[in-house]
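A.B. asks: Have a look at this one.
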Amino acid sequence: MQTPRFMQRDAVPLQSLYEHNYWLFRLVLPQPPADDDWYLLRAEGRAPLYLRCIGRHAYTSEWLLGHFYPARQQRRFAPDYRIRVYHDARLAEAMIVDAHNLPVRELRAAKRAQNRALGEWLDYCRRHQYRLAEVAASAPLVDVA
């Protein structure tokens, strides 16, 4: 017997992933900072995470979240998550930067993969108890956004 399409792992609705990501985002960051500076999230024995709000609107906000590796020449900020939070709908979506040329089916698959990865990474942050610390005073981070 064939598995029904709605029960296949790849057929997880994007809406469910967005809801789950919002829940995890708020567990990691229950009270987001009010300004647009760089912030650190720290966990004992783990590399710090850098967080910055890059846009605030009436019902949404956009965030950069990732580790910073100053010694690297490429991908110094990784994983490079750009997250859009829909506050009124309680959704959080990993943004795909160069998605305008993708066919609909590939775009949907890319969104599903990116948001599943974001959910796993936010769950990692939750399990290791990353918490907001102080403003990050790292000048090299300015060129990340």
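A.B. asks: Of the conditions (1) in contact with a Gly (Cβ under 9 Å, 6 or more places away or on another chain); (2) under 15 Å from residue 23 (Cβ atoms), residue 78 satisfies every one except a single condition; which number is it?
C.D. replies: Only one criterion in (1) in contact with a Gly (Cβ under 9 Å, 6 or more places away or on another chain); (2) under 15 Å from residue 23 (Cβ atoms) is unmet by residue 78, namely (2).
A.B. asks: Does residue 16 fit the bill of being within 25 Å of residue 113 (Cβ to Cβ), free of Cβ contacts under 8 Å to residues at least 60 places away in the same chain and assigned to a helix (DSSP H, G or I)?
C.D. replies: It is true that residue 16 is within 25 Å of residue 113 (Cβ to Cβ), free of Cβ contacts under 8 Å to residues at least 60 places away in the same chain and assigned to a helix (DSSP H, G or I).
A.B. asks: May I ask you to list the residues in the stretch 28-44 that are in contact (Cβ under 8 Å) with a residue 40 or more places away in the chain and open to solvent by 70 Å² or more (accessible area, probe 1.4 Å)?
C.D. replies: Of everything in the stretch 28-44, those that are in contact (Cβ under 8 Å) with a residue 40 or more places away in the chain and open to solvent by 70 Å² or more (accessible area, probe 1.4 Å) turn out to be 31, 37, 42, 44.
A.B. asks: If a residue must be charged (D, E, K, R) and at pLDDT 85 or above, how many such residues does the stretch 56-93 contain?
C.D. replies: Going through the stretch 56-93 one residue at a time, the tally reaches 7.
A.B. asks: Has the stretch 89-108 got at least one residue that is within 21 Å of residue 131 (Cβ to Cβ) and either open to solvent by less than 20 Å² (accessible area, probe 1.4 Å) or not aliphatic (A, V, I, L, M) (or both)?
C.D. replies: Checking the stretch 89-108: at least one residue is within 21 Å of residue 131 (Cβ to Cβ) and either open to solvent by less than 20 Å² (accessible area, probe 1.4 Å) or not aliphatic (A, V, I, L, M) (or both).
A.B. asks: Residues in the stretch 60-83 that are out of contact with any Pro (no Cβ under 9 Å at 6 or more places or on another chain), under 20 Å from residue 131 (Cα atoms) and either in a strand (DSSP E or B) or not aromatic (Phe, Trp, Tyr) (or both): how many?
C.D. replies: Count: 9.
A.B. asks: Still on this structure: Of the residues 106, 44, 120, only one is touching a His at 6+ places or on another chain (Cβ under 9 Å) and not in a strand (DSSP E or B); which?
C.D. replies: 44
A.B. asks: Hey, could you check the stretch 46-88 for residues that are free of Cβ contacts under 8 Å to residues at least 12 places away in the same chain and of a type in the set (Gly, Ala, Ser) and say which is least open to solvent (accessible area, probe 1.4 Å)?
C.D. replies: 55
A.B. asks: How many residues does the stretch 89-105 hold that are in contact (Cβ under 8 Å) with a residue 60 or more places away in the chain and basic (Lys, Arg)?
C.D. replies: 1
A.B. asks: Moving to a separate point now. Tell me which residues, restricted to the stretch 44-93, are of a type in the set (Lys, Arg) and within 12 Å of the chain's Cα centre (by Cα).
C.D. replies: 52, 82, 84
The values are calculated or read from the model by the stated rules, or taken from the named source; none is laboratory data. If you're wondering where the values come from, they're calculated on a predicted model, not measured in any experiment. With ideal geometry, Cβ positions are generated from the backbone for all residues, glycine too; neighbour counts draw on all protein chains shown. Side chains included, ligands, DNA and RNA excluded: accessible areas come from the protein's heavy atoms. Shrake-Rupley method; radii C 1.70, N 1.55, O 1.52, S 1.80 Å.
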